[in-house]
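Enquirer: I am attaching a structure below and will ask some questions about it afterwards.
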Amino acid sequence: MKLLFKQRFFSWFDSYDIYDEAGNTVFTVEGQLSWGHLLKIRDPSGRELGTVRERVLTLLPKFEIYRGEQYLGCIRKEFSLFHPRFTVDCNGWSMEGNFLEWDYTIFDNAGTVVASVSKELFHWTDTYVIDVAKPQDALAVLMLVLAIDAEKCSRN
């Protein structure tokens with residue numbers, strides 16, 4: 001399952017539209033006013049599906065992800081000098097790749113690819129292609145990608 005992740009051009013807060021391969025809206029993401037990043041993921045009808053919440057007052061950025069009210073896990077930035085590195089504590093997943101150029105892969109604990117993410121260049125707004133192996137993992141993968149994008153926005 002491929003998803004196209006596009007940031008909206010005019011928006012006061014982080015807001016994104018996520019499309020499937022046919023160009024249908026699968027998810028919408030709305031940023032909300034809060035201390036730190038707070039992103040709400042909704043289905044096309046507006047029903048809230050998940051939340052990405054930045055924990056403030058931590059030494060390095062940490063984002064918690066929720067499906068509804070259920071805590072799924074978190075992603076934390078690690079201290080590194082040259083390339084951003086993240087620790088994933090969600091579903092037994094891990095990540096590898098070049099986060100600076102936004103090409104990375106998410107693996108399960110058996111080493112099987114859960115998803116691959118790549119940034120498309122030459123767009124007015126941030127645009128990513130997310131290739132998810134199992135459609136049921138799409139929401140959790142999307143939330144990890146949103147957390148990494150939010151961390152980069154905070155850093156810049």
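The values are calculated or read from the model by the stated rules, or taken from the named source; none is laboratory data. These numbers come from a predicted model, not from an experiment. Methodologically, a virtual Cβ is constructed for each residue, glycine included, from the backbone with ideal geometry; neighbour enumeration extends over all protein chains shown.
Enquirer: Taking interchain pairs and intrachain pairs at least six residues apart, which have beta carbon atoms under 7 angstrom, with the first residue in region 110-124 and at pLDDT 85 or above and the second part of a loop (DSSP other than H, G, I, E, B)?
Expert: As it stands, the answer is Val113/Ala133; Val114/Trp93; Val114/Asp108; Val114/Ala133; Ala115/Ala133; Val117/Trp102; Ser118/Trp102, since those pairs meet every condition given.
Enquirer: Does Cys90 meet the test of being farther than 22 Å from Lys2 by Cα and either β-branched (Val, Ile, Thr) or modelled with pLDDT of 90 or more (or both)?
Expert: Numbers: farther than 22 Å from Lys2 by Cα: no; either β-branched (Val, Ile, Thr) or modelled with pLDDT of 90 or more (or both): yes.
Answer is no for this residue.
Enquirer: Now a separate question. For region 59-81, enumerate the residues that are of a type in the set (Asp, Glu) and touching a residue at least 40 places away in the same chain (Cβ under 8 Å). Walk me through it before giving the result.
Expert: From region 59-81, those of a type in the set (Asp, Glu) are 64, 69, 78; that's our starting set.
Result: no residue meets the conditions.
Enquirer: With the requirement that a residue be among the polar types (S, T, N, Q) and modelled with pLDDT of 95 or more, what does region 46-65 give you? Can you show your working first?
Expert: Initially, region 46-65 is screened for residues among the polar types (S, T, N, Q), giving 51, 58.
Correct list: Thr51 only.
Enquirer: Considering each residue of region 30-73, count those that are of a type in the set (A, V, I, L, M, F, W, C) and under 13 Å from Ala150 (Cβ atoms), and give that number.
Expert: Our first condition is that a residue be of a type in the set (A, V, I, L, M, F, W, C); within region 30-73, this holds for 33, 35, 38-39, 41, 49, 52, 56-57, 59-60, 63, 65, 72.
From what's left, under 13 Å from Ala150 (Cβ atoms): 38-39, 41, 52, 56, 63, 65.
Selection size over region 30-73: 7.
Enquirer: Another question, if that's okay. Among the numbered conditions (1) modelled with pLDDT of 80 or more; (2) on the phi > 0 side of the Ramachandran plot, tell me where Gly36 comes up short.
Expert: In the conditions (1) modelled with pLDDT of 80 or more; (2) on the phi > 0 side of the Ramachandran plot, Gly36 misses (1) alone.
Enquirer: Quickly run through region 102-142 and pick out the residues that are assigned to a loop (DSSP other than H, G, I, E, B) and in contact with a helix residue (DSSP H, G or I) (Cβ under 7 Å, 6 or more places away or on another chain). Please lay out each step first, then the result.
Expert: Restricting attention to region 102-142, the residues satisfying the condition of being assigned to a loop (DSSP other than H, G, I, E, B) are 102, 108-112, 120-126, 133-134.
Asp126 - this is the single residue of region 102-142 that is assigned to a loop (DSSP other than H, G, I, E, B) and in contact with a helix residue (DSSP H, G or I) (Cβ under 7 Å, 6 or more places away or on another chain).
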